[in-house]
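Reading through the structure tokens given below for one structure.
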Amino acid sequence: MAVGTDRASRPSTALQPLRTSYVVGARLVQAVPPAVRYPVAAFGGTCWWAADAGRRSNARANYGAALGLPADDPRVGRVARRAFANYGRMLADFLLIGSLKPDEVRAMVTFTGMEHVDAALARGGGAILALPHMGSWDIAGSIGGIWGYRLAAVAEAFPGSLNDAVVATRSLHGLEIIPLGRPAVRRINAVLDDNGLVALLCDLPHGPGVDVRLFGRRAVVPAGPAAIACRRRVPVIPVYSRRTDTGRYHIHVDPPIEPPAEDRCRGKAGAAEVMQRVVDHFEMFIREHPDQWYAFRRILH
């Protein structure tokens, strides 16, 4: 083996334990019955809440604003703790996806508002799906692929070989994964050219963005969905999912948000206008189901 080849392979080898841990975790989750799986997952999320003072403080600030209560109100703490538990359940379902057949995914999902997606696609040109970090976006993506939509999600890459394993799981039922970054633009355009759907999570800060008002406070959210909508003249469709008491996921789709006139789309003002309207929908989703929102980073200022 050449020396150069050996060196090039070392980062992948060093990160191999991450992939192994992911595969082992998935097999464990798949092996245990739901009566064990979800209480253990929720307990893990609650332990994270108890152990991570920084994220606990961030969560109290975010959920306090969502509930209109002081961050130190006991009701805020209870909602935040439930959100961490729900995050644990969501992770368990993500690890489960790789073992599920299409009919099993269908059995996990109910939905409302899909007529808005179909009407947008009937016009041609595709559409942008804007989602908050609620419920399970992986289950939502899987069911979209199973239903036969051309659906791509823009997502951050995981380190090394772990990313290959995660992408394989996410792609199993037809969801296309586009790695976040400048090269994503070409692939996003290709999906829209094919009258497909591009899904983006866009309620949490991630690099440069635009200012919006969320729960009466300043927040910075990604401008990407609005920028694509303005450039391509396609609608942005707010979507969220939530886990129900029966352990299924309900996916709700709101009516589309049309991009403003082209002269108002120039610069950040047009993007901010679109994203404010998107965030207004997110506010309604979150107020109805605050413990389904995974807001563990400081969002509001």
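The values are calculated or read from the model by the stated rules, or taken from the named source; none is laboratory data. Since the model is a prediction, treat every value here as computed from it, not as a measurement. So basically every Cβ, Gly included, is an ideal-geometry build from the backbone, and we count neighbours across all protein chains shown. To get the accessible areas, we keep the full protein, side chains included, count just its heavy atoms, and leave off ligands, DNA and RNA. Shrake-Rupley method; radii C 1.70, N 1.55, O 1.52, S 1.80 Å.
If the condition is being open to solvent by 50 Å² or more (accessible area, probe 1.4 Å) and under 20 Å from Gly77 (Cα atoms), then the range 12-54 contributes Pro39, Phe43, Cys47, Trp48, Ala50, Ala51, Ala53. Count of the range 183-218 residues, restricted to those that are surrounded by 13 or more Cβ atoms within 10 Å (Cβ to Cβ) and either under 26 Å from Asn58 (Cα atoms) or touching a residue at least 60 places away in the same chain (Cβ under 8 Å) (or both), is 22. Looking only at the range 75-90, filter to residues that are basic (Lys, Arg) and under 21 Å from the mean Cα position of the chain (by Cα); which one of those is least open to solvent (accessible area, probe 1.4 Å)? Looking at residues that are basic (Lys, Arg) and under 21 Å from the mean Cα position of the chain (by Cα), I get Arg89. Counting the residues of the range 28-58 that are of a type in the set (Val, Ile, Thr) and not in a helix (DSSP H, G or I) gives 1.
Among the conditions (1) loosely packed, with under 15 Cβ neighbours inside 10 Å; (2) under 30 Å from Arg27 (Cβ atoms), Asp93 misses just one, which is (1). If only residues of the range 249-277 that are at pLDDT below 95 and farther than 14 Å from Pro235 by Cα are counted, the one that is most open to solvent (accessible area, probe 1.4 Å) is Arg266.
Please tell me if Asp138 is assigned to a helix (DSSP H, G or I) and either polar (S, T, N, Q) or surrounded by fewer than 17 Cβ atoms within 10 Å (Cβ to Cβ) (or both). Spelling it out, it is not the case that Asp138 is assigned to a helix (DSSP H, G or I) and either polar (S, T, N, Q) or surrounded by fewer than 17 Cβ atoms within 10 Å (Cβ to Cβ) (or both). Of the residues examined, Arg150 is one that is at pLDDT 95 or above, touching a Gly at 6+ places or on another chain (Cβ under 8 Å) and over 27 Å from Arg287 (Cβ atoms). Taking the range 96-109 as the range and being open to solvent by 10 Å² or more (accessible area, probe 1.4 Å) and either assigned to a helix (DSSP H, G or I) or touching a Lys or Arg at 6+ places or on another chain (Cβ under 6 Å) (or both) as the test, the residues that pass are Leu96, Pro102, Asp103, Glu104, Arg106, Ala107, Met108.
Restricting attention to the range 55-74 and to residues that are out of contact with any Gly (no Cβ under 9 Å at 6 or more places or on another chain) and open to solvent by 40 Å² or more (accessible area, probe 1.4 Å), the residue that is farthest from Ile299 (Cα to Cα) turns out to be Pro74.
For beta carbons closer than 9 Å, sequence separation of 6+ or different chains, a first residue in the range 283-296 that is farther than 15 Å from Val76 by Cβ and hydroxyl-bearing (Ser, Thr, Tyr) and a second that is at pLDDT 95 or above and open to solvent by 10 Å² or more (accessible area, probe 1.4 Å), the qualifying pairs are Tyr294/Asn86; Tyr294/Tyr87; Tyr294/His133. Contact annotation: residue pairs with Cβ atoms under 8 Å, 6 or more positions apart or on different chains, pairing a residue in the range 43-60 that is touching a residue at least 24 places away in the same chain (Cβ under 8 Å) and within 12 Å of Ala80 (Cβ to Cβ) with a partner that is exposed (fewer than 14 other Cβ atoms within 10 Å of the Cβ) and small (Gly, Ala, Ser), are Arg56/Ala50.
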